[in-house]
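All of the numbers you see were taken from the coordinates with simple rules; none came from a lab. All values reported here derive from a predicted model rather than from experimental measurement. Cβ placement follows ideal geometry from the backbone for every residue including glycine, while neighbour counts extend to all protein chains displayed.
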Amino acid sequence: MGDAAGIGPEIIIKATMGSDILRICDPIVIGSARTMALMNEALGCPAALAIMSGPGDGEPSPGTIRILDCDVEENKHFRWGAADGTNGKNSIAHIGEAVRLASSGLLDGFVIAPLNKEALHLAGCTLPDEGALLQEEAGVSLVKLVLKWDQIFRSSVVGHTPFRDIVANLTQDRIVKTVEHLGNTIRLFLASAPRIGVAALNPHAGEGGAFGDEEATILTPAVEEARRFGFVMSGPYPADTILLRAKDRKLDGIVYLYHDQGNIALKAAAFGESVIIYSGLPFPVTGPGHGTAYGRAGKGYADPRNLQEAIRVCAEMARKKRFSGGGNAQQPSA
């Protein structure tokens, strides 16, 4: 459900009410029945809410939203648009339950509605983001965030890290692992070998060392090493123009070096249109490419289209996993 005080509950109701989503998956809300009921009432009660005791309860039907209530603490001081430790604690519990159900095969995948990092930290979470939380909950070695916009994919080597620590974290090994996760994600959607470009760190890709030597000492060796995965590798390219190469269909994927380097470019081009794919997990997990929008929460005019796209991508990944992994081809649950 994401953060209770954000737009997650609203866009979930709007996204799952029609028959379009029911044609591609069997949706279940893992979250707070109380918060979903509050939002449903605020919207004029467009949905019938059904509380489930497990993911197999009931049958999907238009107009009905099934909820698996996983709150661990009631928020007696709940307010829309306010970061709150209780909401953060419940968000962590929702994700933990989703991981448990997906790991046991009771879900084919899940979508994470927008979370609030301040609320997670107020709950006592010391991890930097939801990717690290998923990594810990699922017991995997690394989860990387891959953003999909149309047929362009991108990932960043360094995520939520203070700017002063970025260069120290730009190791050749971390760049190569980011390329591997990005390329393996692209392979789920494209039949040809992924064409991946790496962004430069310094202005004009260093100008032959005039503006820094990281391109020669770290980035170029990483590009060469990453060719062992069978990807078509190139770069480093100046960071301010590499997205244009992808828009011109010369690249399928971009490895940016740090969080804002990639986010500024993509959000300027297509804010609220990209889908987050959490790479490295044994089951599909996606999310919308926007935040909790506290300023709009509880007001009834949040746009559900990005969440709908995240659901579609998750269902597509789950269906391909079933066909490629020998599972049945029934409609996936999410």
Here region 213-333 gives, from Cα atoms, an Rg and Dmax in Å of 18.0, 53
If one builds a Gaussian network model of the chain from Cα atoms under 10 Å apart, the most fluctuating residue listed among P62, P236, P27 is P62
Here the convex hull volume per residue of region 14-93, taken over Cα atoms and given in Å³, is 102
Most exposed to least, judged by fewest other Cβ atoms within 10 Å, V158, V176 sort to V176, V158
A correct Stokes-Einstein calculation for region 136-180, using the alpha-carbon Kirkwood radius, 25 °C and 0.890 mPa s, returns a whole-number D in µm² s⁻¹ of 203
Candidates T220, T161, T185; GNM for the chain (alpha-carbon contacts under 10 Å) flags as most fluctuating T161
Output ordering of 290-303, 192-205 (per-residue mean of other Cβ within 10 Å, highest first) is 192-205, 290-303
In a Gaussian network model of the chain with springs linking alpha carbons closer than 10 Å, the residue among F271, F110, F211 that fluctuates most is F211
Bounding extents of region 144-276 in its principal axis frame from Cα atoms, largest first in Å, are 37, 32, 25
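Consider all pairwise Cα distances in the chain and report the whole-number % of them above 38 Å.
Roughly 17 percent, once rounded to a whole number.
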